[in-house]
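Take a look at the structure set out below.
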Protein chains: 2
Amino acid sequence: MDADSSSLKTVNGNEARTEIVRAAAEVFMEFGFAATSIDAVAERLGATKGRIYHYYDSKAELYFDVQIAAMERLIREIEPLARGGGNAAERLEAMALRHATILMEDLPMQKVAVRGLERELLGAVAARHAKTLRSIIRLRDDYEQIFAEVIDTGIRDGLFVDLPPRLTTKPFFGALNWLTVWYVPRRLQKPEDIAEIARTLTGFAMRGILKGA
Amino acid sequence: MDADSSSLKTVNGNEARTEIVRAAAEVFMEFGFAATSIDAVAERLGATKGRIYHYYDSKAELYFDVQIAAMERLIREIEPLARGGGNAAERLEAMALRHATILMEDLPMQKVAVRGLERELLGAVAARHAKTLRSIIRLRDDYEQIFAEVIDTGIRDGLFVDLPPRLTTKPFFGALNWLTVWYVPRRLQKPEDIAEIARTLTGFAMRGILKGA
DNA sequence: ACGGGAGCATACTCATCAGTATCGTGGCTC
DNA sequence: GAGCCACGATACTGATGAGTATGCTCCCGT
């Protein structure tokens with residue numbers, strides 16, 4: 001149906017774009033949007049600007065694509081869990097565990113996404129990319145909504161502490177997302193370690209929200 | 001050459017510097033380090049570059065000063081609470097409550113500090129400011145240490161969950177610090193609202209760390 | 001076996017800042 | 001009441017980096 005709904009410049013550039021997005025995520029993660037030069041991304045790719053501008057019209061568009069990719073993976077993996085079996089507490093726990101794991105597995109992309117639409121952008125580029133911007137905010141809201149609904153259910157079922165859901169969701173995400181600030185992937189020792197961190201964080205977050213017995 | 005330890009250029013510029021730091025914090029909060037121009041800070045001051053470069057040698061130095069001011073306030077206010085009365089749980093709760101409150105009261109500075117030494121800096125400016133950089137990292141570590149010790153005590157006393165302290169501190173801070181990501185000061189309604197938010201977050205964090213009855 | 005275009009590289013342009021150099025001006029001391 | 005200096009404004013310089021213009025080279029279909 002779409003001749004060209006995203007601003008795809010060439011017909012078959014999807015895997016080329018993916019490769020660019022991956023490299024961009026790494027550099028954006030390291031330096032942030034403003035301090036990242038397209039040349040630096042190109043260098044990480046072992047290429048030059050030309051390659052990137054062939055697929056993307058601007059740095060902002062590339063940055064947006066990183067965020068979109070990150071959010072889409074989260075939504076794709078977490079939504080089924082929200083619909084899965086078990087009561088609200090069990091489902092929320094599964095979601096949190098998966099969420100934390102994905103953050104670590106996909107650190108570059110996810111870190112960029114978590115940092116979010118740093119203000120630096122909104123002011124500078126808002127006008128030109130208003131539509132894309134809105135769609136990303138939409139994605140983020142949708143994602144939070146998935147959690148919010150499960151939490152809502154849990155509160156109504158008397159499983160969770162009886163507080164404003166919005167205000168409960170925040171520290172819940174905080175406990176998990178904060179890992180993008182401190183987590184540094186170690187060479188070696190990765191496979192089972194990620195799981196342990198994810199479990200610890202999830203445990204903390206769940207205790208925070210569960211109504212005391 | 002020059003004997004003065006901080007790079008204070010003029011003799012009595014302390015209040016002038018304070019005013020500059022305050023303005024800088026607002027702009028840095030809004031746009032981040034890289035995307036903030038000194039001219040923008042000057043404009044917020046209702047002045048020009050000249051004023052700023054009269055007191056600061058570089059943008060980095062100014063940025064550092066914001067971080068230092070933020071960390072110093074935290075340490076100054078929280079440390080007494082760590083030494084105060086009560087068991088580890090009571091002290092930790094008081095600390096968390098105060099911490100969250102300060103974040104909201106001093107949002108610009110604290111947000112900049114929480115975002116931390118964004119990587120964008122480390123690469124770019126590390127060499128020249130290695131000493132300052134180290135002292136800021138030191139401040140941050142000291143601050144975390146204040147919490148870590150109380151948490152340690154609580155674990156030994158059997159009050160807190162029995163997990164690696166380092167891994168418990170992280171989500172604890174996460175639940176609190178995350179508010180710098182979502183909290184937007186509302187005009188009106190501020191005085192008691194801040195207190196409620198702080199209490200909710202603190203409650204969450206404490207439940208996360210307390211050993212279930 | 002030859003156009004033509006997708007997929008890049010190279011080589012520009014032009015704007016934005018960080019930092020500097022220089023110059024006014026008011027207040028202070030003697 | 002003259003000189004001095006803290007303070008700050010104005011007017012430069014130089015580097016960096018986003019985006020563009022253009023050229024090269026395969027690969028593809030015909």
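Please indicate, with yes or no, whether at least one residue in region A:18-25 is within 13 Å of DNA strand D (Cβ to nearest atom) and either more than 14 Å from every other protein chain (Cβ to nearest Cβ) or crowded, with 19+ Cβ neighbours inside 10 Å (or both).
Looking through region A:18-25, at least one residue is within 13 Å of DNA strand D (Cβ to nearest atom) and either more than 14 Å from every other protein chain (Cβ to nearest Cβ) or crowded, with 19+ Cβ neighbours inside 10 Å (or both).
For region A:32-68, what are the residues that are within 14 Å of chain B (Cβ to nearest Cβ) and more than 15 Å from DNA strand C (Cβ to nearest atom)?
Listed by number, the list holds a single entry, A:Y63.
Could you check A:A198 against (1) of a type in the set (G, A, S); (2) farther than 19 Å from A:R98 by Cα; (3) open to solvent by less than 10 Å² (accessible area, probe 1.4 Å) and say which number it fails?
So the condition that A:A198 fails would be (2).
Need the failing condition index for B:K211 against (1) modelled with pLDDT under 95; (2) closer than 25 Å to B:A25 by Cα, just the number.
So the condition that B:K211 fails would be (2).
Which residue, of B:L117, B:L81, B:L92, B:L74, is closer than 30 Å to A:F31 by Cα and part of a helix (DSSP H, G or I)?
Residue meeting the stated conditions: B:L74.
Within region A:204-213, restricting attention to residues that are at the interface with chain B (Cβ under 8 Å from one of its Cβ atoms) and in a helix (DSSP H, G or I), which residue is surrounded by the fewest Cβ atoms within 10 Å (Cβ to Cβ)?
Looking at residues that are at the interface with chain B (Cβ under 8 Å from one of its Cβ atoms) and in a helix (DSSP H, G or I), I get A:R207.
Spot the failing condition for B:R22; the list is (1) closer than 27 Å to B:M104 by Cβ; (2) at pLDDT below 95, and only one is missed.
(2)
What's the number of the condition B:E15 fails, among (1) farther than 22 Å from B:M104 by Cβ; (2) modelled with pLDDT of 95 or more?
The single condition B:E15 does not satisfy is (2).
What do you reckon, is A:A148 touching a Pro at 6+ places or on another chain (Cβ under 7 Å), within 14 Å of chain B (Cβ to nearest Cβ) and not in a loop (DSSP other than H, G, I, E, B)?
yes
If I ask for residues that are in contact with a Leu (Cβ under 8 Å, 6 or more places away or on another chain) and either more than 8 Å from chain B (Cβ to nearest Cβ) or touching a residue at least 24 places away in the same chain (Cβ under 8 Å) (or both), which ones from region A:161-175 would you list?
A:V161, A:P171, A:A175 - these are the residues of region A:161-175 that are in contact with a Leu (Cβ under 8 Å, 6 or more places away or on another chain) and either more than 8 Å from chain B (Cβ to nearest Cβ) or touching a residue at least 24 places away in the same chain (Cβ under 8 Å) (or both).
Would you check if there is a residue in region A:163-186 being part of a loop (DSSP other than H, G, I, E, B), closer than 22 Å to B:L179 by Cα and touching a Lys or Arg at 6+ places or on another chain (Cβ under 8 Å)?
Yes: region A:163-186 contains one or more residues that are part of a loop (DSSP other than H, G, I, E, B), closer than 22 Å to B:L179 by Cα and touching a Lys or Arg at 6+ places or on another chain (Cβ under 8 Å).
When you go through (1) out of contact with any Gly (no Cβ under 9 Å at 6 or more places or on another chain); (2) at pLDDT 90 or above; (3) open to solvent by 50 Å² or more (accessible area, probe 1.4 Å) one by one for B:R128, which number turns out not to apply?
(2)
Failed condition for A:F33, given (1) modelled with pLDDT under 95; (2) surrounded by fewer than 19 Cβ atoms within 10 Å (Cβ to Cβ), with all others met?
If we test A:F33 against (1) modelled with pLDDT under 95; (2) surrounded by fewer than 19 Cβ atoms within 10 Å (Cβ to Cβ), just (2) comes out false.
From the list B:D142, B:D65, B:D57, pick out the single residue that is assigned to a helix (DSSP H, G or I) and either farther than 30 Å from B:G203 by Cβ or open to solvent by less than 30 Å² (accessible area, probe 1.4 Å) (or both).
Only one candidate passes the filter, namely B:D65.
The values are calculated or read from the model by the stated rules, or taken from the named source; none is laboratory data. These figures come from a predicted structure and were not determined experimentally. With ideal geometry, Cβ positions are generated from the backbone for all residues, glycine too; neighbour counts draw on all protein chains shown. The area values use the complete protein model at the heavy-atom level, side chains included, leaving out ligands, DNA and RNA. Shrake-Rupley method; radii C 1.70, N 1.55, O 1.52, S 1.80 Å.
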